[in-house]
Amino acid sequence: MGAETVDLLVIGGGMAGLSAAARVAAGGGRVVLVEKAERTGGSARFAGFVWTAPSVAELRRVNPDGDPELASALVDGFAGGVAWIRSLGVDCRPPVPVLGFGRGHQVDTNHYLDTCERLIRDRGQEVLTHTRTRSLVTENGVVKGADCVLPDGSTRRIEATWTLLATGGFQGDPGLRAEYVHPRAADIALRANPHSRGDGLSLGRGAGAAFGKKDAGFYGHLMPAGVPLADPARFVDLALYYSEHALLFDTTGERFVDETVGDHLTTMALLERPQARGLLIADARVHREWISASYVAGIPGVDKFQLCHRAGARCAVADTLEDFASMPEEWGYPGAAIRDRIEEFNAAAAAHGTTTPGRLLDHRPLDEPPFYVVEAAPAITFTFGGLLVDAGAHALSAGSDGRAPVPGLLAAGADAGGLYRRAYAGGLAPALVFGLAAARTALTETPAAVGR
Ligand SMILES: Cc1cc2nc3c(=O)[nH]c(=O)nc-3n(C[C@H](O)[C@H](O)[C@H](O)COP(=O)(O)OP(=O)(O)OC[C@H]3O[C@@H](n4cnc5c(N)ncnc54)[C@H](O)[C@@H]3O)c2cc1C
């Protein structure tokens, strides 16, 4: 390769890409980062907690079908990732519990992302925004950079020893969602940056990298059905995190999931129900304790029911359970059956009996009127499926000779798959940890030396 060859070309300037590029620049390496949007940062600009499971055993408990090698790498690399953030002078608050089993730090992600970008530029390295990648450059099966299209329409070949795909997943592409997540996923709302549309996936596959398991699922939340999410402030304001303490009924009037184990898991389950929509029902106690309270330490609570109402969501306050029988027909739910199910649930919960589905974490009845009803639908934040990688962020092929690295190619963040399968323990942390792993690989290995 020529004198212009950089150590690392990063495609995608979000959490994974900026972490990798900044780490390489800090280590004295040469790096170019290309970002498709006008500004770097991706979905990470909306996120606030760098967190994961506190031990490999805990991660394996909540995510038994994920790749064990990646699970260990995430947990083992977490403290180093946090130390790296702090080493840049970015505030990382003391640890707090997240989603019951996890632990993490509130971080000013915008400060972190901007600090990474400044560091790259200060070290004389390049960040090219508003720049598309046309294709990867390959030579005898080795990835050696990419042809990129600059904002003025001209093409620039960027030669690199290593190329990192970090475009943030494929949740922004309805066709890919339908193919790899669920046929109904084509129509669900996007709760993330709009630019992550599977570019890393198609570039990687074109170079011989393999896609991992197809039905890995996705991370998302229940949101009020039919409410547009064009304003990113709604991603958090309207997320119905409190579903863990409510009851969710599908259009046939059935409960179908243990709502208490996590709104993000309920979101995946709802996608598989008829019409992928459901009625989320809470009572006055849940309203007091969860709907208008803080979801995670450090984030002030807001009355989400009121916000949903103001945003035009289909919602109602019922003074008694009897009111459910006169639910408007156009909603398309059997109101009387839902009333009966709530009464049955309450009777069983009050007698400490069993409910179907069971409730692992919150067994209390919903019997304090009034009742707060919101129609909910799944919204997607990022996909779990992606390119096969190992702990060093090498993209892997899946030929007849098993998993082998695609020489010169790396993947991290939501472009990489395998870590989670229908379970979740943080999105920023894997992007950080595997972004830093990609940097380590680029600083210490040459593609030819990789082989297994
Ligand atoms: C509202 C919200 C709240 C969240 N809160 C949390 C939280 O508190 N904790 C947590 O752990 N996770 C959270 N997440 C998830 C977290 O943001 C993601 O998991 C994380 O940002 C993934 O990192 P990434 O680098 O893979 O993708 P991103 O950070 O999304 O970066 C991908 C980048 O690639 C760019 N790109 C796309 N295509 C191309 C291309 N062809 N060429 C060049 N660039 C391209 C995109 O524009 C983007 O800048 C949240 C997400 C959202 C939306």
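Computed from the coordinates by the stated procedures, all read-outs in this text should not be read as laboratory data. Computed from a predicted structure; not experimentally measured. In this analysis, Cβ positions are derived from the backbone assuming ideal geometry, glycine residues included, and neighbour counts consider all displayed protein chains.
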Quiz item: If you take the C-alpha gyration tensor of region 192-345, multiply each eigenvalue by 5 and take the square root, what semi-axes do you get, largest first, in whole Å?
Solution: 32, 19, 15
Self-check item: Computed magnitude of the charge dipole of the chain (debye, nearest 20; Cβ of K, R +1, Cβ of D, E -1)
Solution: 1200
Practice problem: Enter the Cα centre distance for the pair region 392-432 and region 302-332, rounded to the nearest angstrom. | Solution: 42
Quiz item: Between G358, A398, A379, whose Cα lies farthest towards the positive end of the dipole of region 296-452 when Lys and Arg beta carbons carry +1 and Asp and Glu beta carbons carry -1, centred on the Cα centre?
Solution: A398
Practice problem: Scan around T52 for amide H atoms under 5 Å from its own, H built in the peptide plane at 1.01 Å from N, and keep only partners 5 or more places away or cross-chain. | Solution: R103
Quiz prompt | Relative frequency of Cα-Cα separations exceeding 35 Å in the chain, percent | solution = 32
Quiz item: What 222 nm value per residue comes from the helices of the chain, counting each DSSP H run with n ≥ 4 as -39,500 (n - 2.57) and dividing by all residues, nearest 500 deg cm²/dmol?
Solution: -8000 deg cm²/dmol
Quiz item: Taking a quarter of the surface of the Cα convex hull of region 313-402, what do you get in nm²?
Solution: 11.0
Practice problem: Using only C-alpha atoms and all pairs of different ones, pull out the Kirkwood radius for region 1-58 in Å with one decimal. | Solution: 13.2
Exercise. Quick one, can you get me the convex hull of the C-alpha atoms of region 79-133 expressed as volume per residue in Å³?
Key: 132
Quiz prompt | Cα-Cα pairs of region 1-99 separated by more than 15 Å (percent) | solution = 71
Practice problem: Take every Cα-Cα distance within region 255-308, group them into 10 Å bins from 0 onward, and report for each bin the whole-number percent of pairs it holds. | Solution: 20, 45, 32, 3
Quiz prompt | Cα centroid of region 195-235 to Cα centroid of region 107-173, whole Å | solution = 19
Quiz prompt | Kirkwood Rh and Cα Rg combined as Rg/Rh, region 233-287 | solution = 0.96
Practice problem: Could you tell me what percent of the DSSP beta bridges with both partners in the chain are antiparallel, to the nearest 5? | Solution: 70
Quiz item: With charges only on Cβ, +1 for K and R and -1 for D and E, what is the dipole size of region 45-158 about its Cα centre, in debye, rounded to 20?
Solution: 160
Self-check item: Cα-based equivalent ellipsoid, region 383-442: semi-axes from gyration tensor eigenvalues, Å
Solution: 19, 15, 7
Quiz item: Cα-Cα pairs above 25 Å in region 85-192: how many percent?
Solution: 52
Quiz item: With each pseudo-label sitting 7 Å past Cα toward Cβ, what's the E445-S202 distance in nm, one decimal?
Solution: 2.8
